[in-house]
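Below: one structure, written as structure tokens.
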Amino acid sequence: MASIETVLVPDIGGATDVDVIEVLVAIGDTVAVDDALVTLESDKASMEVPSPVAGVIESIAVSVGDQLSEGSVVLTVATGAASNASDDSAVATEASDAPSVTIQPITIPDIGGADAVDVIEVSVSVGDNVALDDALMTLESDKASMEVPSPLAGRIIKLTVAVGDKVSEGDVIGQIEAIATSASPQVEKQSIPAAAPSKSQSKAQPAVAAASASTQQHGLYIGPAVRRLAREFGVDIAQVRGTGQKGRITKADLQQYVKQQLQGGGKGGVGFDWPELPKVDFSKFGGVTDTPLSKIKKLSGSFLHRNWVSIPHVTQFEEIDITEMEAFRQRHKAEAAESGVKLTPIVFVMKALVASLKEFPTFNASLSPDAQSLMVKHYYNIGVAVDTPNGLVVPVLRDVDSKGALELAKELGGISLKAREKGLTPVEMQGGCMSISSLGGIGGTAFTPIINAPEVAILGLSRSYQKPVYNKDSQTFEPRLTLPVSLSYDHRVIDGAEAARFIVHFASRLADIETLIL
């Protein structure tokens with residue numbers, strides 16, 4: 001009768017709670033020595049757990065998503081006749097006794113001390129035949145991804161884990177019906193001159209092949225570094241064609257795919273097939289109301305998403321002393337009110353912004369659609385985001401450089417009212433050079449505004465506050481009205497040093513109100 005060998009997660013370098021990301025065998029599968037059984041993955045590595053024996057997968061004790069540690073039971077393998085039928089081995093056995101069949105439990109082997117490791121994929125099913133070292137399942141922790149190999153050849157007769165379960169070293173994850181003979185196995189692989197190790201030696205050898213870590217998923221072979229890079233790029237790995245051995249996807253394959261998508265991605269600059277968000281039935285958790293989005297939010301949401309994923313954003317933060325500016329505004333607020341105008345701080349922000357745009361023309365530009373040239377503008381139109389009941393709109397005030405503070409205040413009040421009453425035309429929201437998003441009337445200390453493409457920068461304003469500032473002359477702390485600002489810019493066009501110089505220049509203009517007005 002065959003004997004049942006239990007495959008355990010071996011020494012995996014001290015990792016614990018390692019995730020099973022793929023189980024590469026099913027119950028009844030025939031496996032040879034060193035065949036991958038499962039793939040384990042952590043944040044540092046992806047490893048295949050090879051089969052220490054040849055035989056038929058009898059049972060699988062783990063599933064994709066389970067977490068395993070060293071010594072956890074992976075599966076069981078029925079060893080014996082199956083190992084002699086391996087395609088990649090030479091017939092080098094002498095006559096042996098009749099095979100015997102035994103049922104062996106599959107346990108999680110040594111996985112480096114990891115505990116409660118996720119099973120992320122089960123590669124075998126009940127009834128599958130497996131060979132020694134065939135991957136049974138894949139474990140994944142926050143440190144590594146590992147395959148749990150079959151400890152022997154045989155047929156899987158029971159699986160006790162599924163994807164999403166958590167396992168640890170020594171956990172029983174299934175059973176395998178192993179086939180064995182009384183004679184010692186003397187099977188020799190054609191590519192290896194040395195004889196295959198005995199059963200006891202097979203158990204002792206490391207069962208995780210980190211160097212050749214690969215995952216077979218729907219016919220794809222994926223190494224840990226490639227899988228991690230795909231996650232960083234947001235690429236659906238199933239869309240990439242592998243050119244490596246056995247269809248393995250290499251870094252070069254992934255990089256070529258990304259390059260092709262970027263070149264053919266259309267106006268948005270990105271051609272990735274982003275994975276869909278999971279659909280959740282929220283009603284099972286409590287009462288819900290399904291409220292349709294407004295047309296403005298649908299449109300702006302699409303634009304904001306495109307801009308966020310296609311533009312490399314960087315945000316520079318600064319605090320500006322606006323004590324003198326606010327004092328000036330307060331002195332002239334009543335005068336403006338007599339003319340029916342509300343003199344708001346944003347008027348002075350626009351004037352200071354134009355002064356900085358003139359000093360740094362790269363900010364007053366747009367990148368060509370092919371990202372090969374820069375269109376510098378010689379006019380100064382400023383967009384101001386307006387919060388309306390139906391969503392955010394950005395009307396544009398034109399020729400800000402040629403208008404005074406009162407004229408701008410009047411125009412800003414009129415166009416803001418028009419926006420809230422849904423009276424804006426598309427033309428009134430076009431032609432901006434740079435936009436301002438002000439949350440100061442609501443609150444907050446800083447935020448990261450999203451660039452309003454095709455502009456290359458946007459200025460965010462937060463709530464001003466009184467800040468104690470040390471005066472060297474009086475050697476005392478004085479309260480100064482301080483405005484926190486956030487400058488987001490397109491890093492393809494503007495580098496960090498230029499952005500820092502821009503925000504310093506803008507701060508100096510806004511702080512010196514007399515120079516700004518003159």
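Name the single residue, out of those in the stretch 354-372 being part of a loop (DSSP other than H, G, I, E, B) and in contact with a strand residue (DSSP E or B) (Cβ under 9 Å, 6 or more places away or on another chain), that is nearest to Arg463 (Cα to Cα).
Asn364
In the stretch 382-399, how many are of a type outside the set (Val, Ile, Thr) and in contact with a helix residue (DSSP H, G or I) (Cβ under 7 Å, 6 or more places away or on another chain)?
5
For every residue, the table says whether it meets (1) without any contact (Cβ under 8 Å) to a residue 40 or more places away in the chain; (2) closer than 24 Å to Leu304 by Cα.
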position: Glu326; (1), (2): no, no
position: Gln330; (1), (2): yes, no
position: Val347; (1), (2): no, no
position: Lys358; (1), (2): no, no
position: Ala371; (1), (2): no, yes
position: Tyr379; (1), (2): no, no
position: Ala385; (1), (2): no, yes
position: Asn390; (1), (2): no, yes
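Sort through Glu407, Glu428, Glu411 and tell me the only one that's within 40 Å of the chain's Cα centre (by Cα), assigned to a helix (DSSP H, G or I) and of a type outside the set (Gly, Ala, Ser).
Glu428
The rows are residues; the columns are (1) at pLDDT 85 or above; (2) in the same structural domain as Ala36 (by TED's automatic domain parsing); (3) assigned to a loop (DSSP other than H, G, I, E, B); (4) more than 37 Å from the chain's Cα centre (by Cα).
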{"site": "Ser125", "(1), (2), (3), (4)": "yes, yes, yes, no"}
{"site": "Ser145", "(1), (2), (3), (4)": "no, yes, no, no"}
{"site": "Val148", "(1), (2), (3), (4)": "no, yes, no, no"}
{"site": "Val161", "(1), (2), (3), (4)": "yes, yes, yes, no"}
{"site": "Gly164", "(1), (2), (3), (4)": "yes, yes, yes, no"}
{"site": "Gly174", "(1), (2), (3), (4)": "yes, yes, no, no"}
{"site": "Ile192", "(1), (2), (3), (4)": "no, yes, yes, yes"}
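Among the residues of the stretch 483-518, which ones are more than 16 Å from Leu459 (Cβ to Cβ) and buried (at least 16 other Cβ atoms within 10 Å of the Cβ)? Give the derivation first.
As a first pass, look at the stretch 483-518 and keep what is more than 16 Å from Leu459 (Cβ to Cβ): 491-492, 495-497, 512-515, 517-518.
Of everything in the stretch 483-518, just one residue is more than 16 Å from Leu459 (Cβ to Cβ) and buried (at least 16 other Cβ atoms within 10 Å of the Cβ), namely Ile513.
Could you check Ile442 against (1) touching a Ser or Thr at 6+ places or on another chain (Cβ under 7 Å); (2) free of Cβ contacts under 8 Å to residues at least 60 places away in the same chain; (3) farther than 21 Å from Val354 by Cβ and say which number it fails?
Among (1) touching a Ser or Thr at 6+ places or on another chain (Cβ under 7 Å); (2) free of Cβ contacts under 8 Å to residues at least 60 places away in the same chain; (3) farther than 21 Å from Val354 by Cβ, Ile442 violates only (1).
Does Phe477 count as surrounded by 13 or more Cβ atoms within 10 Å (Cβ to Cβ) and aromatic (Phe, Trp, Tyr)?
When the stated conditions are applied, Phe477 does not pass them.
Being surrounded by 17 or more Cβ atoms within 10 Å (Cβ to Cβ) and of a type in the set (S, T, N, Q) is the filter; apply it to the stretch 384-441 and report the residue that is farthest from Ala457 (Cα to Cα).
Ser416
Within the stretch 368-382, does at least one residue satisfy the condition of being among the small types (Gly, Ala, Ser), under 27 Å from Ala507 (Cα atoms) and within 38 Å of the chain's Cα centre (by Cα)? Quick ask: steps written out before the conclusion?
To start, the set of residues in the stretch 368-382 that are among the small types (Gly, Ala, Ser) comprises 368, 371, 373.
If we keep only those that are under 27 Å from Ala507 (Cα atoms) too, we end up with none.
So far as the stretch 368-382 goes, no, none of its residues is among the small types (Gly, Ala, Ser), under 27 Å from Ala507 (Cα atoms) and within 38 Å of the chain's Cα centre (by Cα).
Restrict the check to the stretch 466-486 and report whether at least one residue is part of a helix (DSSP H, G or I) and hydrophobic (A, V, I, L, M, F, W, C).
Applying the first criterion (part of a helix (DSSP H, G or I)) to the stretch 466-486 yields none.
Looking for residues that are part of a helix (DSSP H, G or I) and hydrophobic (A, V, I, L, M, F, W, C), one finds none in the stretch 466-486, hence no.
Only one of Leu459, Leu510 is of a type in the set (A, V, I, L, M, F, W, C), touching a residue at least 60 places away in the same chain (Cβ under 8 Å) and outside any strand (DSSP E or B); which?
On the way: Leu459 fails: outside any strand (DSSP E or B).
Every option except Leu510 fails the conditions.
Among residues belonging to the stretch 309-353 that are aromatic (Phe, Trp, Tyr) and assigned to a helix (DSSP H, G or I), point out the one that is surrounded by the fewest Cβ atoms within 10 Å (Cβ to Cβ).
So, considering only residues that are aromatic (Phe, Trp, Tyr) and assigned to a helix (DSSP H, G or I), the one surrounded by the fewest Cβ atoms within 10 Å (Cβ to Cβ) is Phe328.
Let me spell it out: the conditions are (1) closer than 16 Å to Ser63 by Cα; (2) buried (at least 24 other Cβ atoms within 10 Å of the Cβ), and Ala32 meets all of them except one. Which number is the exception?
(1)
Looking only at the stretch 243-297, count how many residues are within 24 Å of the chain's Cα centre (by Cα), among the basic types (Lys, Arg) and modelled with pLDDT under 85.
4
Go through Val119, Val74, Val56 for me and flag whichever is surrounded by 21 or more Cβ atoms within 10 Å (Cβ to Cβ), outside any loop (DSSP other than H, G, I, E, B) and either at pLDDT below 85 or in contact with a helix residue (DSSP H, G or I) (Cβ under 8 Å, 6 or more places away or on another chain) (or both).
It is Val56.
Is it true that Ile494 is under 28 Å from the mean Cα position of the chain (by Cα) and free of Cβ contacts under 8 Å to residues at least 60 places away in the same chain?
no
The values are calculated or read from the model by the stated rules, or taken from the named source; none is laboratory data. Note that the coordinates shown come from a computational prediction; the quantities given were computed from them, not determined experimentally. Glycine also receives a Cβ, built like all others from the backbone with ideal geometry; neighbour counts cover every protein chain displayed.
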